[in-house]
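Worksheet: one structure, shown below.
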Amino acid sequence: MKKVYFFVVTFALSANLLIAQTQPQPAASRPVVKTVNSNITDLSQYGVRIQPDTRLIIVMAALDVAGFNPKADTSFHQQLRKDLSGLDPDLRRRMHEFFDRSNNALETLRLEEIKRANPTLSETELKEKAKLTLTDQAARYVSLAYALSPAPELSEPARSTDLPGGLLEVLDFAPLVREFYRKSNIDEKLPEYIRKYQAVGDTLRPQIANTVSDMSAYLNTRPQLISTERVKTTIPKTNSKNSKKPALQNIEIREHPRNFYVVPDLLAVPNSVKFRVIGDDYFAIVGEKVQPETSTELRRAYLQFLVDPIVYKNAKEIITQRDAIRSILDEQKAAGAASVSPDVFLAVSRSLVAVADIRQRKQKHIAEVTREAQAAAAEKRAANSQEVKVVDNRLTFPKAESEAFAELSEAYENGAVLAFFFDEQLRGLESSSFDVTSSFADMITSFDAAKEKGLLTDSQRTRKEALIKLAKRREAASKQPEADDATLKIRNNELIKGLNDVENLLKGQDYDSAESRLMEMLGRFPGEPRILYARGRTASLSATGVFDEGLRNARLNKALALYLNVLQLKNEDTPAGLLSNTHVALGKIYEFYADVMEENKAAYKEAAIKQFEAAIALKRVENGSFDEAVAGKARLSKQ
């Protein structure tokens, strides 16, 4: 019998310890190559740049002085306030007065608008609805930051009706920002601040890469990184004898780069994302604690970057359907929808973006559950040496379907009036693997307003019911009390004890009991990455010493599925060491497949290298597997 060895990363389950070890493992047959972020090595190729913006740091620091309180008492906030403690008190007072006056004016304006739209509401209800959120307070000043020229000038644009209303309302804050810049000496601290901001951006990079990969892969397209502009120019006359003849006109094609900037903002409201489009540059300003892979705002911002050129490239087809689309917009407006824009192009773009986000999330959820269910089914078949029909109610996904329908209904109410049309179109695209760029013209051409209105009328009651359920779910979620430190400590101790119990079972090679214990724990700690990792390790270890090729392969595939789910479900609290170990565990599995498989050797090798590189990118984190990742990449590079 041919001898092969498979390296498995083991997991010492103690209070704060993640230790990588190796164990011999037998061969497997034909697993499916499935990698996380397998196709993005350079974000700039996708138009993405992660970098702080000096203007934003200065304006948000000035806003902090003016009284904006994002309720985030972080170490950076403490440092900033200490650095600015000696600022001129008179300047502080004037900045504070401007901030309060501006907020009061905006609340009064909103109060009047809400009162006109809802004349039956009481004064108390009106004031509650008109009250500004922290995000509302900061949004206009973010626009101001991007309207200013670079430091030290920080000049504002000329006042004009072409400027957005929100920017006009705070344009007079610009002189105070310049005075703040001069008197605070913040320029001396900016290099240090920028390093802190960039460090935060670096931690976001892996998740942003996954987000960009997910969005691009779902639409099966790459972003357009160059925009073209047709400019009419005049050719100077060279012959004075023909001075009475008109000057010659020429059309010149000019190219402009398109960029998507992810801008960390340590002074923003935590978990907030603010999105701005300025010419060909798209800016997603992200506060602390934002998780790019699960942030709807950030996902849709990048989708907007992908979709806008596609929409405008097909302007002729959209113009052909303009009256038909506008008739639906008019009906929505007449029904009282406040956020409906008369702009047909905006309606098309907004609809496609919303639907792509909703459907991609749904497809990813289905893929995760299906992968694990299939691995479990394969293991059961192999263990019984016969076909066993596995019935898993999750595979019908009724909950995923109903939630997606509710989100589509919400998008429709918010101005994405082609949401259900594009939902049908993208379903077809998912099965065909066609590039949305080449398919978009056919989509728009096939739009039938009469048919769409009929479907919307038929589904009106169902949509209303779905929206009510969605609102109730969100209200219930918002009322869930945050666990205090004592409760979190108790839960964490309970989790650690459970993992230690599993470790003892694994030492005794009682894999069935270990898996049962972990599944029971998963019910109390849903989505906990440490439990998923322990299940992956259990599946890997259970394959050791098994000579039945089918069973061995099934268990290794189950381990793969669980390890991949660790990466897909990670959050801000996931230990970096656990992520490092997971990448290395996946890398070693793929490396083994590259050694023993007759087919797809290059694909397995590439997948292994990418997992090792992901672990290396995390650097030498506590209890991680940095050295093993470096050694693994070196082994493969020599081959």
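The values are calculated or read from the model by the stated rules, or taken from the named source; none is laboratory data. The shown structure was predicted, so the numbers you read here are calculated from the model rather than taken from an experiment. Every residue, glycine as well, gets a Cβ built from its backbone with ideal geometry; the counts of neighbours run over all protein chains shown. Surface areas here come from the heavy atoms of the whole protein model, side chains and all, with no ligands, DNA or RNA. Shrake-Rupley method; radii C 1.70, N 1.55, O 1.52, S 1.80 Å.
At a glance:
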quantity	calculated
Meets criteria (within 29 Å of the chain's Cα centre (by Cα) and part of a helix (DSSP H, G or I)) for ALA138	yes
Hey, THR161 open to solvent by 60 Å² or more (accessible area, probe 1.4 Å) and assigned to a helix (DSSP H, G or I) or not	no
Of all residues making up region 530-549, the number that are surrounded by fewer than 22 Cβ atoms within 10 Å (Cβ to Cβ) and either under 31 Å from the mean Cα position of the chain (by Cα) or over 15 Å from SER513 (Cα atoms) (or both)	7
Criterion: within 31 Å of the chain's Cα centre (by Cα) and open to solvent by 50 Å² or more (accessible area, probe 1.4 Å) - qualifying residue of LYS610, LYS619	LYS619
Odd one out for GLN480, checked against (1) open to solvent by 50 Å² or more (accessible area, probe 1.4 Å); (2) at pLDDT 90 or above; (3) not hydroxyl-bearing (Ser, Thr, Tyr)	(2)
From the options PHE99, PHE76, residue that is surrounded by 12 or more Cβ atoms within 10 Å (Cβ to Cβ), closer than 27 Å to ASN271 by Cα and touching a Gly at 6+ places or on another chain (Cβ under 6 Å)	PHE99
Conditions (1) open to solvent by 20 Å² or more (accessible area, probe 1.4 Å); (2) of a type in the set (S, T, N, Q); (3) in a helix (DSSP H, G or I); (4) modelled with pLDDT of 85 or more; number of the one not met by ASN557	(4)
The listed residue being in contact with a strand residue (DSSP E or B) (Cβ under 9 Å, 6 or more places away or on another chain), of a type in the set (Asp, Glu), touching a residue at least 24 places away in the same chain (Cβ under 8 Å) and not in a loop (DSSP other than H, G, I, E, B), out of GLU503, GLU591	GLU503
Region 128-144: number of residues that are out of contact with any strand residue (DSSP E or B) (no Cβ under 9 Å at 6 or more places or on another chain) and either under 18 Å from ILE186 (Cα atoms) or crowded, with 19+ Cβ neighbours inside 10 Å (or both)	4
Residue satisfying all of: in region 108-127; hydroxyl-bearing (Ser, Thr, Tyr) and open to solvent by 80 Å² or more (accessible area, probe 1.4 Å); farthest from GLY166 (Cα to Cα) among these	THR120
Residues satisfying the stated conditions in region 275-312, i.e. of a type in the set (A, V, I, L, M, F, W, C) and within 28 Å of HIS77 (Cβ to Cβ)	PHE275, ILE278, PHE283, ALA284, ILE285, VAL286, VAL290, LEU298, ALA301
Any hit, region 418-432, residues being at pLDDT below 90 and open to solvent by 80 Å² or more (accessible area, probe 1.4 Å)	yes
Qualifying positions in region 308-329 - under 14 Å from VAL417 (Cβ atoms) and in contact with a Phe, Trp or Tyr (Cβ under 8 Å, 6 or more places away or on another chain)	ILE318, GLN321, ALA324, ILE325
Qualifying residue in region 592-605 (condition: within 29 Å of SER295 (Cα to Cα) and either in contact with a helix residue (DSSP H, G or I) (Cβ under 7 Å, 6 or more places away or on another chain) or surrounded by fewer than 24 Cβ atoms within 10 Å (Cβ to Cβ) (or both))	no
Enumeration of residues in region 277-308 that are open to solvent by 50 Å² or more (accessible area, probe 1.4 Å), out of contact with any Pro (no Cβ under 9 Å at 6 or more places or on another chain) and outside any helix (DSSP H, G or I)	VAL277, ILE278, GLY279, THR294
Count - residues of region 67-117 that are in contact with a Ser or Thr (Cβ under 9 Å, 6 or more places away or on another chain) and of a type in the set (A, V, I, L, M)	3
